[in-house]
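For reference, the structure is listed below as structure tokens.
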Amino acid sequence: MAQRDYYEVLGISRDAEPQEIKSAYRKLAIQHHPDKNAGNKEAEERFKEAAEAYSVLSDAEKKARYDRFGHAGLGQGTGGFQGFDPDTFSDFSDIVGDFFGFGDIFGGSQRQSRSRRGADLRYDLTISFEEGAFGVKTKIKIPRRETCLPCNGIGADPKGGLVTCSACEGQGNARYQQGFFTISRTCAKCQGSGQFIEKACSECRGNGYLQKEKILEIKIPAGVDNGSRLRISGEGEAGPRNGAPGDLYVIIAVQEHAFFQREGNHILCTIPINFSTAALGGEVAVLTLEQEEQIKIPAGSQSDTVFRLKGRGIASLDGRGKGDQLIQITVKTPTNLTREQKELFRQLAATSEGSGENPGLFEKVREKLS
């Protein structure tokens, strides 16, 4: 029987693009795969036919010869595609392997490593407001799994506890014939490692790890805030079978301050000032994160007026300077006045209704209220 045209086999036009050729083949390979059509010889032939067609049309050089001379251009006459060898058709596993879970459907898989990365750990750390602002070095104690040193994390007795798997002879995969090709699958006995534990390590009892506590000194950078996350690479739990360790994530909680509030990199505070200072002006002391400083209060300042101290805030985590300190004033209204003080306020009120200028009286009020 004459061999069918490869374009007809895949159901595509002769000017089909490479991706279209691949997609058509993928669809047919899934449809006619022997694992889905056990004992169906016709499906097996269709599967083989599609693979032959794809092996030619996916190769630019072979495709060019086929387009010009047909099957004869491939050196096969009409007696079938002699140049197709499924054991060397490397692109096949890329097309079909993902759908059927084969490591390498034509038997090319290597021993699978069973080492896996260890789990990440979380540590919640509470620090003071000042420590968040300036940074701090501190020590923390981490309970975690660590690799068992006697068995190097394998879990087997160091003296002959690990033996070669007899089922796969140490290859990590089992091979068997399915139709015209060889299929390779992970060995069920050793799970792909090629070895298994015959005698467990007495130190870790076959686990490959020991539960221990590790004391770490960590550096908290200046500027961290609530919810800041510090990643410490390789300080998580040890991986199974000597796998790479996970990471440690330190989650920061910053305590509230009795005087300051934080808003981004700025800090806010509120200070009370005397009525006379608000009216006549003056200097008042204000606490900053580093020291006490004096700020000037202009005459006539009102409650809720905000003053700014540049660069007295919190450092930016990216190193781009510091925020500011914002100081809101509240004017204290005097209470429990003496008779003399009340009289001065009456005089002040009387002058306010007139020209509003009586420096001597203002000075007397300030002296009496100070």
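The values are calculated or read from the model by the stated rules, or taken from the named source; none is laboratory data. None of these values were measured; they are calculated from a predicted model. Note: ideal-geometry Cβ built from the backbone for every residue, glycine included; neighbour counts use all protein chains shown.
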task: Enumerate the pairs (first residue in the range 264-292 and within 30 Å of Leu344 (Cα to Cα); second residue anywhere and of a type in the set (Gly, Ala, Ser) and in a strand (DSSP E or B)) with beta-carbon separation below 9 Å, excluding pairs fewer than 6 apart on the same chain, so at least 6 apart or on different chains.
output: Ile271/Ala285; Ile273/Gly282; Asn274/Gly282; Ser276/Gly282
- line: Counting only residues in the range 244-265 that are crowded, with 17+ Cβ neighbours inside 10 Å and more than 30 Å from Gly234 (Cα to Cα), the one nearest to the chain's Cα centre (by Cα) is identified as Asn265
query: Is there a residue being at pLDDT 95 or above, assigned by TED's automatic domain parsing to the domain that holds Ile273 and in contact with a Leu (Cβ under 9 Å, 6 or more places away or on another chain) anywhere in the range 327-348?
result: yes
message: Pairs please, first residue from the range 1-28 and in contact (Cβ under 8 Å) with a residue 60 or more places away in the chain and closer than 14 Å to Ala51 by Cα, second anywhere and of a type in the set (Gly, Ala, Ser) and not in a helix (DSSP H, G or I), Cβ atoms under 6 Å, 6+ apart in sequence or on different chains.
response: none
- prompt: Within the range 97-120, is there a residue that is modelled with pLDDT of 90 or more, surrounded by fewer than 19 Cβ atoms within 10 Å (Cβ to Cβ) and within 24 Å of the chain's Cα centre (by Cα)?
  reply: yes
Strands (runs of 3 or more DSSP E) contained in the range 128-246 and holding at least 2 residues in contact (Cβ under 8 Å) with a residue 40 or more places away in the chain: 136-147, 173-178, 181-186, 209-220
query: Here are some residues: Gly321, Gly243, Gly282. Which one is within 30 Å of Gly155 (Cβ to Cβ), out of contact with any helix residue (DSSP H, G or I) (no Cβ under 6 Å at 6 or more places or on another chain) and modelled with pLDDT under 95?
result: Gly243
message: Please verify whether Gly236 is buried (at least 16 other Cβ atoms within 10 Å of the Cβ) and either at positive phi or within 24 Å of the chain's Cα centre (by Cα) (or both), treating the condition exactly as stated.
response: yes
field: Inter-residue pairs, beta-carbon under 7 Å, first assigned by TED's automatic domain parsing to the domain that holds Gly70 and in the range 31-56, second part of a helix (DSSP H, G or I) and charged (D, E, K, R), 6+ apart
entry: His32/Arg46; Pro34/Glu44; Val56/Lys62; Val56/Lys63
